[in-house]
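The structure under discussion appears below in the form of structure tokens.
The values are calculated or read from the model by the stated rules, or taken from the named source; none is laboratory data. Computed from a prediction, not measured in an experiment: that's the story for all the values here. Cβ placement follows ideal geometry from the backbone for every residue including glycine, while neighbour counts extend to all protein chains displayed. Keep in mind that these areas ignore ligands, DNA and RNA; they rest on the heavy atoms of the full protein, side chains included. Shrake-Rupley method; radii C 1.70, N 1.55, O 1.52, S 1.80 Å.
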Amino acid sequence: MRKKKLQIPACPAAAGSIPGVNRHPPLCGPPLVKREWAVPCVRRPPPRRPVEKAGGRLRARERRARMERCDLGGRQHGPIWQRRPGGVVNIFHSVKGYHSKTIRFLNVAFDSSGDSILAGDHQGNIYVFDLNGNRFNLVQRTMQACTALAFNLRRKTEFLVALADYSIKCFDTETKELVSWMRGHDSSVSSISVHGSGRYAITTSTDTAQLWDLDSFQRKRKLNVRQSVGIQKVFFLPLSNTILSCFKDNSVFAWEFDTLRCKYQLPTPVEGSVFLYKVFAVTRDGRIFVAGGKSNHLHLWCLESKQLMRIIQMPAKVRAVRHLEFLPDSFDGGSNQVLGVLSQDNIMRFINIETCKLLFDIGSHEEGIITAAISPNGRYIASVMENGNLNLYSVQALTQDVNKPPSPTFKVVEDWSKCTSQENKLTMRVTSGRSEQPWKPKRSKIQSRLLKLNVNTSPENKENELPGGLNKKRLRALLKGFGEYPEKYRMFVWRSLLQLPENHLAFSSLIDKGTHSAFVNIQDEYPIKSRKLLRVLQRTLSALAHWSAIFAEMPYIPLLAFPFVKLFQNNQLICFEVVATVVVNFCQHWFEYFPNPPVNVLSMMENVLAHHDKELLQHLIKYNVTSQVYAWPLLETLFSEVLTREEWLKVFDNIFSNHPSYFLMMVVAYIICSRVPLLRCNQRADFEYFFHHRNNLDINIVIKEAYQLMEATPLDIHPKRMFDDFIPLTKGQYPVFNKYPKFIVDYQTRERERIRQDEIEYLQERQLMHELEAKAHEQKAEDEAWYRKQELLQEAEEQKRKMLLEEEEKLVEQRQRLAAVKRELKAKELQFLDASRRRFLKYQQDQRQMELKHLDDEILRKVSMREQETAAAVQDVEVRRMELESQRQLFEQRLIKDQEAVTKEMKEEVDAHQRRVDLEDHVIQRLMEVDREEQQKAQIVAEEKLAKAEQKRVEANWRLQMLHKLRRDDEDREKRYEEIAKLLHDNRVKEAELLKAMREAEEKKREEVTQKRAQLEKEQKAAAAANEHRKRFLEDRMNDTLELAGNLQREDGCFERLRDLKARCTERGVELQQVPMSGNICLNDLSASESSLHMSLGQRRGELACEERELMAEVRRLRQKLVSQARSRHPPTHFPATGWTP
């Protein structure tokens, strides 16, 4: 489907046409037709209402009269209006004090119900306006400007605000507390889009878009793009889970919210209508998408078919679109048909996208709109104005109180529909009347027919027609009737009369060149208090100088441009073009005698004055007052010095409405009307003062006089003969202005540049001289300070030297005194050493005497001790003999007890072994029942296991029987021991067989076999340890006996004098046991009994050895007996071969 373009006209009245809003079905498939508005006629107004003839806005004036104003002031809460207004509420925030000012609002947003407004100003104050309750409240002070607002969250009392520090904060309107603080952006946040559920939000900046969860206030996803592409806007589509992202390269992507996958991309628009998208809007049902930018075209996309439906062309005065938003209707089902378009002229126009009719508009050139928001219920429109105020409009009042202007006409420019397949299809076209008549296209050719109203189209009327639907002839009639244009529409009328082209690009190129060197220091020559006014004046003059070089050399150009700069200070483009138009048309022939005043123009004025008031001219000549004194001051200042603001505006209403020569006639009329005071002046200074100051003069009389001069002046001296007709500035680029002596201007420019360079060089040299002089003074001061410092250092050095000499003398004296003290101390030390040496020698002598005495006493003590020891040794021998006898008896008893302990230990070991055998038997029985059906290979391992278990069971039975037998009868021990020995032998043989089988089999059961073998070895080690313990016990007893015998042998030498023992022992063969205990032993008689003592000790050792051998033999016999008994009672059993399953 080919695309169509529609054009919206420049409506002659600011307030539109239709009181209601037409409701149409959604735009998804009708044929597309490009339409454009034809120039409408202007109805002849009633005789008492001339404002409508000039295209004025009567309803706007009435709305202003009905406007309710609300000053927030320093209040934090209060009512919005005193009585409910019918149309508009103007809200502003003024601060009163020494410097009164108005705090500007920046952003505004509605809540989901549309009955509350959230607004933020540039100081960070956030207000909530309750429209139903007629209350406002200050809910937060963020202390910094906000860049975006959102008030339609899931929790109705919370709102989001994006701040200048790139952060997003969430506040509560009731508690006025901070709910959360979100960071993540590196640049200013331009928009906040909230999901329909209120749980998610998307914040957009130039480099990224971020998706936030408003329940946890955590960032879920982040959209990053290349810096060269950039993001325009990312937002949720209404009534869907789709996210739409618009980039600076005109690409538009749709994303699925749940998965964040790309659903589709809109195609590239048709060639010839491509422009960079800047602003976007979507209908409430999410089906129609509108995009606009730096153009007067609007692109309408159908998101269901992903195709461009229509191209709407706005009026020619619309050059760029700044904001788009649909006006909801309660009965359209979300398919909104009314679109609000905010253009670069700060006027928001509401159009019907189906019929392309302009319904109404808000804002004006004097009170422009910066941004706007529309309530979701379609009842209110909130707009932030250029002056920082907040205006609240009622949509009902806007659509009902608007007069209907003449119906516009359309012309079908081209139809790109497929006519070959739809020849019989009727295409509707709008005529100038109320009815619509169908027409049928002929063949496949595109039909083009212009429908116009029946108006007079003569050349005279064409010359009188002005832009904006105004008529110059009628404006003049209006001006003659009222003497001036209405204040509210004066600027609009001037722009139409001067036919300003509004060349934005050309003006921007002039502004981009910067401040001209001739006006860099304009504040020194014209000290204006207002910095803004001075800046606008500087920019305007610089643009004029860049446009034509002569304006940089004209000394009076600031005086000429200043009235217009002050009047159009909020629109610098209009200001520049007005000044340029005045210079080109009303200052003709001014620069031919540059740098002198325009002598030719002044001569024409002098001729007119001579013709109409020769007496006044003679009076001026009499006192040598030339036209440069009485006419040139009025020309170069454009009457701004001699007229008030209202008078000046009234004068230029007439000047702009007439031929350019009327300006000169106005100067002559001013002089003629002032003839009475001028005739009384007789000094040149009085004349100069008169033409440079305000005078008591009725300006209406001057205006009438100028019109009479225009009519009564002969043609040969009339300035109209020398002046060209009014020629407006060309569109696109400004005309070349070179009507001046170029060589003089160039010479002055070069001279000015040379003088400026010389001045710069002079200033640089003077600065250099100042710097050198300052450096010389600084160096001189440094040198003087250095010399003073050196002198102080020398004086200090002399003082230090004197102090050092004095200290050295004191030190020498102290050293001499110290040497004398040292000598005295040395002498005393020698005396002390001599005295101490004498005392030490005497002490050593005393010590030696005491040691000799101690040695004598020790010798005597040792002699006595030897005698005592000898007597005690004899007694000990006797006691020892008795002890040996008792020890023998005790040894025998211990042997019996040890045997019993061994028997008890064997019994406990047999019991423990029996318990283990029973447990193993139980395990083996279970394994046998489970593993009988396993493979033959596993039977070998099971047989080995069972054999080992059987061996342990037999051994346990044997030991148990042995213990029972020991209790019954001690005689059965020997048999049981023999039986146990035999079983142990058999077990060793079986163990050897098991080990051989384990080596042959695989190593599957190595761990189990190793555990069983370790258990068996442990039992064997326990038995060996018991045997070893018994063996060590016997060896210890034998060693004790041998040691006792050795001690007795060593003690034989101590009894050399026991000779009288033999004499006292009368019986033969008396043993050592019979030695009397109470007999006195003489050491000299021991030699006689030496042989007998040796004989008795050797005999005792032999007896002890014999007893040991007999005891060991008895133990062996008992063991053999026990083994034989056990073997006879419990023969070994044979088990069938079994195996373990892994």
Could you list, in sequence order, the residues of the stretch 61-80 that are part of a loop (DSSP other than H, G, I, E, B) and either open to solvent by 20 Å² or more (accessible area, probe 1.4 Å) or at pLDDT below 75 (or both)?
-> M67, G74, R75, Q76, P79
Number of the exception - V584 against (1) among the β-branched types (V, I, T); (2) farther than 23 Å from D653 by Cβ; (3) open to solvent by 10 Å² or more (accessible area, probe 1.4 Å); (4) not in a loop (DSSP other than H, G, I, E, B) = (2)
Within the stretch 928-959, considering residues that are of a type in the set (A, V, I, L, M, F, W, C) and surrounded by fewer than 19 Cβ atoms within 10 Å (Cβ to Cβ), the one modelled with the lowest pLDDT = A938
Here is a list of conditions, (1) assigned to a helix (DSSP H, G or I); (2) more than 11 Å from P558 (Cβ to Cβ); (3) touching a residue at least 60 places away in the same chain (Cβ under 8 Å), and V536 meets all of them except one; can you say which number that is?
-> (3)
Hey, does the stretch 129-136 have a residue that's within 22 Å of S375 (Cβ to Cβ) and among the acidic types (D, E)?
-> yes
In the stretch 222-265, anything loosely packed, with under 13 Cβ neighbours inside 10 Å and touching a strand residue (DSSP E or B) at 6+ places or on another chain (Cβ under 8 Å) is listed as K222, N224, V229, L260, R261, C262, Y264, Q265
Report, by residue number, each residue of the stretch 483-510 that is open to solvent by 20 Å² or more (accessible area, probe 1.4 Å) and closer than 13 Å to L649 by Cβ.
-> G483, E484, P486, E487, K488, M491
So which of V629, V651 ends up being surrounded by fewer than 19 Cβ atoms within 10 Å (Cβ to Cβ), in contact (Cβ under 8 Å) with a residue 40 or more places away in the chain and assigned to a helix (DSSP H, G or I)?
-> V629
Restricting attention to the stretch 166-219, the residues that are of a type in the set (K, R) and under 15 Å from the mean Cα position of the chain (by Cα) number exactly 3
Taking the stretch 671-698 and keeping residues open to solvent by 80 Å² or more (accessible area, probe 1.4 Å) and of a type in the set (A, V, I, L, M, F, W, C) leaves V676
Which number in (1) within 30 Å of L510 (Cβ to Cβ); (2) at pLDDT 85 or above marks the one condition that K739 misses?
-> (2)
Inspect all residues belonging to the stretch 198-218 and state whether any of them is free of Cβ contacts under 8 Å to residues at least 12 places away in the same chain, under 30 Å from S113 (Cα atoms) and out of contact with any Phe, Trp or Tyr (no Cβ under 8 Å at 6 or more places or on another chain).
-> yes
Filter result (of a type outside the set (S, T, Y), more than 18 Å from G120 (Cβ to Cβ) and either open to solvent by 10 Å² or more (accessible area, probe 1.4 Å) or modelled with pLDDT of 90 or more (or both)) within the stretch 88-107 | K96, G97, H99
Candidate set from the stretch 275-295 (those that are open to solvent by 30 Å² or more (accessible area, probe 1.4 Å) and within 18 Å of S343 (Cα to Cα)); member that is modelled with the lowest pLDDT = L276
Which one is surrounded by the most Cβ atoms within 10 Å (Cβ to Cβ) among residues in the stretch 587-622 that are polar (S, T, N, Q) and part of a helix (DSSP H, G or I)?
-> N607
Only one of these conditions is not met by L298: (1) under 35 Å from the mean Cα position of the chain (by Cα); (2) in a strand (DSSP E or B). Which number is it?
-> (1)
